[in-house]
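Derivation of every value follows stated rules applied to the coordinates shown; laboratory data play no part. Everything numeric here is computed off the predicted structure, so don't read it as measured data. Heads up, the Cβs are rebuilt from the backbone with ideal geometry, glycines too, and the neighbour counts pull from every protein chain shown.
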Amino acid sequence: MNDPQPLVQDRLAHNSWGFLGSQGYILGMDIGGYGLRAALRDVQNHTYHRTSREISGGSANQLLAASLEQARELMRQYDVAPERLVRIGVGFAGPVDARRGIVQRSHRISGWEQFPLKDHIEDAFGAVTLLDNDANLIALGEATFGVGHSVQNLFYLHLSSGVGGGLVLNGRLYHGATTMAGEVGHAVVGAIDPIYPNEPPRTLEQRLSISGILQRAAELGHPTNLLSDIFSDAQIGPQIIGEAADLLAVRLSQIIALIDPEMIILGGVVARQGGDALIAAIKTRIPVYMASLIERPVQIVPSVLGFESVSIGALALALESLRD
């Protein structure tokens with residue numbers, strides 16, 4: 001996976017985010033289910049620094065404390081005082097109320113229920129802070145610094161421990177009425193699931209998250225805890241990819257008809273493991289589900305920002321707020 005730093009620095013050098021966006025520092029924080037990341041940008045000199053650490057557990061308060069200390073260490077390393085921060089963007093791996101800056105819950109760690117994360121970070125650093133979920137920030141990061149920087153309308157689909165999405169419309173992140181826009185993983189795959197016709201229909205997340213893929217592989221006689229074992233298997237791999245592509249082609253064709261994007265981006269560990277074969281299978285199937293009147297070429301591409309995508313998106317969120 002390529003280092004995203006050159007992409008970020010190039011886009012910083014060729015964009016303007018207003019007066020505040022031309023001075024000071026922007027901090028991006030990623031409080032994920034598997035690790036913590038922080039990124040620091042001097043927006044005047046276009047420098048970009050980052051740090052990461054893995055986590056093995058802990059309470060919500062412990063993870064917050066670890067994330068704050070990680071950010072402070074990064075700032076100390078580059079001699080950046082808190083008062084030089086002009087904005088902070090924060091990404092969280094779970095549903096959030098972006099307008100109020102509150103984490104609604106975490107699917108992996110207890111203690112995050114209705115957690116006022118924005119307030120805690122503003123109290124710690126004294127800078128205006130913006131909070132959003134990981135899929136939204138990856139969408140914005142790709143639109144600002146990554147593969148989607150040349151388009152105005154895109155949809156990002158995240159396939160990992162959960163399934164979610166983010167929309168960038170007319171160059172701006174779209175949240176909807178309750179900041180839950182893009183959560184396509186929580187809708188069922190259809191009135192009848194072709195794989196499980198005698199059971200209540202499952203959601204896209206139940207079918208195509210990590211646990212869903214592992215469950216399906218076990219049903220096909222290939223029990224394993226590694227996605228790489230599944231997608232590299234000569235027999236099971238093509239079947240899993242075909243079934244996933246069928247489900248995704250239906251959902252993505254509906255999204256194409258609804259929002260008319262120039263690009264769809266796939267990311268997350270399931271998408272990475274599926275690779276080019278998954279994207280090719282989706283491209284082949286989408287025309288089957290589109291009426292000829294609205295069928296048109298839409299770029300379907302993989303995410304390019306990698307493991308830093310959320311912290312990069314958090315920085316993009318902070319920078320975007322300087323335009324308002």
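Please check: in the Gaussian network model of the chain (C-alpha springs, under 10 Å), which one of M263, M290, M180 has the largest mean-square fluctuation.
Of the options given, M290 has the highest mean-square fluctuation.
Given the convex hull of the Cα atoms of the range 151-303, what is a quarter of its surface area in nm²?
Seen from a random direction, the Cα hull of the range 151-303 projects 9.3 nm² on average.
Can you tell me the orientation of helix 134-144 relative to the chain, as the angle in degrees between its alpha-carbon axis and the longest Cα principal axis, to the nearest 10?
Approximately 70 degrees, to the nearest ten.
Once you've got the GNM for the chain with C-alpha springs shorter than 10 Å, pick whichever of I55, I138, I300 has the biggest mean-square fluctuation.
Among I55, I138, I300, the largest GNM mean-square fluctuation belongs to I55.
Given an 8 Å cut-off on Cα distances and at least 6 residues of separation, report the relative contact order of the range 151-303 as a percent.
25 percent
Given H placed 1.01 Å from N in the peptide plane, which residues other than close sequence neighbours of G94 have an amide H under 5 Å from its amide H?
Those lying under 5 Å, H to H, from G94 are D134.
Could you calculate the FRET efficiency of Y34 with D123 from 1/(1 + (r/R0)^6), where r is the beta carbon distance between them and R0 is 30 Å, rounded to 0.05?
0.70
How far is helix 236-259 tilted off the main Cα axis of the chain, in degrees rounded to 10, range 0 to 90?
Helix 236-259 sits roughly 70 degrees off the main axis of the chain.
Give, rounded to the nearest 20 debye, the magnitude of the charge dipole that the chain has about its Cα centre when Lys and Arg contribute +1 at Cβ and Asp and Glu contribute -1 at Cβ.
Here the chain has a charge dipole of around 260 debye.
If you take all C-alpha pairs in the range 245-323, what percent of them are over 19 Å apart?
I get 45 percent for the Cα pairs in the range 245-323 exceeding 19 Å.
Compute the helix-to-body angle for 269-285: its Cα long axis versus the longest principal axis of the chain, expressed 0 to 90° and rounded to tens.
50 degrees
In square nanometres, what is the average projected area of the Cα convex hull of the chain?
Across all orientations, the chain yields a mean hull projection of 16.7 nm².
Determine, for each peptide in 75-81, 107-113, the mean count of other beta carbons within 10 angstrom over its residues, then list the peptides with the highest first.
Final packing ranking: 107-113, 75-81.
Could you work out the relative contact order of the chain? I mean the mean sequence separation of Cα pairs under 8 Å and 6+ apart, divided by the number of residues, in percent.
21 percent
Find the all-direction average of the projected area of the Cα convex hull for the range 23-175, expressing the result in square nanometres with one decimal place. Numbers along the way, then the final one.
Details: hull surface 35.3 nm².
Directional mean of the projected Cα hull area for the range 23-175 stands at 8.8 nm².
When only Cα pairs under 8 Å and 6 or more residues apart are kept, what is the percent relative contact order across the range 74-231? Before the final figure, lay out each step's value.
Values: 259 pairs, mean separation 22.6, N = 158.
Once divided by the residue count of the range 74-231, the mean separation gives 14 percent.
Would you calculate the volume per residue, in Å³, of the smallest convex hull containing every Cα atom of the range 126-220?
Residue-normalised Cα hull volume stands at 148 Å³.
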